[in-house]
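Engineer: Have a look at this one.
Every read-out reported here was derived from the displayed coordinates using simple, explicitly stated rules and does not represent laboratory data. All of these numbers come straight from a predicted model, not from anything done at the bench. Positions of Cβ are backbone-derived with ideal geometry, glycine not excepted, and every protein chain shown enters the neighbour counts.
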Amino acid sequence: MGILFVQACTTTDLRQPQQGGNTTPANPEVDNVEPVITGRVSDPFLRARILADMLFEASMAFDDNRLLLPPGNNAYDRYMEVLSFEPDNQVALQGIQDIVDRYVAMANQAIQIGQFDNAEAYLNRAASINPGQSNIIEARRVLNLEQGVGREYFTLDPQELTTQSLAMMSQLGSIGEFVRDYDATFLITARSDAEARWIYQIMREAVGGYRLRGNVTLGPQPTVQVNIPQT
């Protein structure tokens, strides 16, 4: 009986390390798998969060008109960072297109009021992103034409405009006739839409059935800019 007891104990002692040995290697395998699975799940979420933050910063810069400037803190740089992570990100691609379109719109506005240097600068910035875009080419064509146009500027007295005096009506009538005689176009700068409509109405009444062609913008100092085509 004593021998049997010793053998049983010996058998038991020999088996325990084997069981422990079989269990110990299994745990590192489980531990090694878990970080890989976690990484595969967490990386897309982290990536999406980074992209969302970049797109938000780009949108804020765009709304603040920080399109290409200042360097490193503008909408274009933020959108390009997004594309470096995800080259086919449609929001970023559209954002860059919107930057080009805004520069072209700013250039066209500058052309209308005779700020040709500003218009050229805006078009150069747009072209630095996409030089072959059709609206850039068209805006340059218009700019070149407008730079060859003569201009006359008529300052309007704000008080006379407010009271819609006879003197102001006479001045506007003369401006309308000037536009007609030179087959020119005009740009009215007024303090409100209602004021601009009244200016145009008086000019139009002075020329009968002649079709006046021009634009309107808002500003603190009322003026009429007449663009005379060069022959």
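Engineer: Run the quick spin-label model on Gln201 and Ile50: label points 7 Å from Cα toward the beta carbon, then report their separation in nm to one decimal.
Structural biologist: The two pseudo-label positions are separated by 6.1 nm.
Engineer: On a full-extension model of 0.36 nm per residue, what is the gain between Gln115 and Gln97, subtracting their alpha-carbon distance, rounded to one decimal in nm?
Structural biologist: Extra length available between Gln115 and Gln97 comes to 4.1 nm.
Engineer: In nm, to one decimal, how far is the modelled label at Ala194 from the one at Arg141, with both set 7 Å along Cα→Cβ?
Structural biologist: Taking the simple label geometry, Ala194 and Arg141 are separated by 4.1 nm.
Engineer: Suppose R0 equals 30 Å. What FRET efficiency, 1/(1 + (r/R0)^6) with r the Cβ-Cβ distance, do Thr163 and Asn65 give to the nearest 0.05? Before the final figure, lay out each step's value.
Structural biologist: On the way: r = 37 Å, r/R0 = 1.25.
Step by step, r from the Cβ atoms, then E = 0.20.
Engineer: Which order do peptides 102-108, 152-158 fall in by mean Cβ count within 10 Å, highest first?
Structural biologist: With the highest mean Cβ count within 10 Å placed first, the list reads 102-108, 152-158.
Engineer: Can you list the HN-Hα couplings for the stretch 57-67, worked out from phi with the Karplus curve (6.51, -1.76, 1.60; θ = phi - 60°), rounded to whole Hz and with x for Gly and Pro?
Structural biologist: Rounded to whole hertz, the list is 5, 5, 5, 5, 5, 5, 4, 8, 6, 8, 7.
Engineer: Give me the distance in nm between label points sitting 7 Å out from Cα along the Cα-to-Cβ direction at Asn124 and Ser84, one decimal.
Structural biologist: Between Asn124 and Ser84, the label points sit 2.6 nm apart.
Engineer: If you don't mind, another one. Explain nothing, just the number: relative contact order of the stretch 150-228, from Cα pairs under 8 Å at least 6 residues apart, as a whole percent.
Structural biologist: About 48 percent, as a whole number.
Engineer: Here is a further query. I want the antiparallel fraction of DSSP beta bridges within the stretch 150-228, as a percent rounded to 5.
Structural biologist: 65 percent
Engineer: Size of the dipole of the stretch 150-228 about the Cα centre, Lys and Arg at +1 and Asp and Glu at -1 on the beta carbon, nothing else charged, in debye to 20?
Structural biologist: 220 debye
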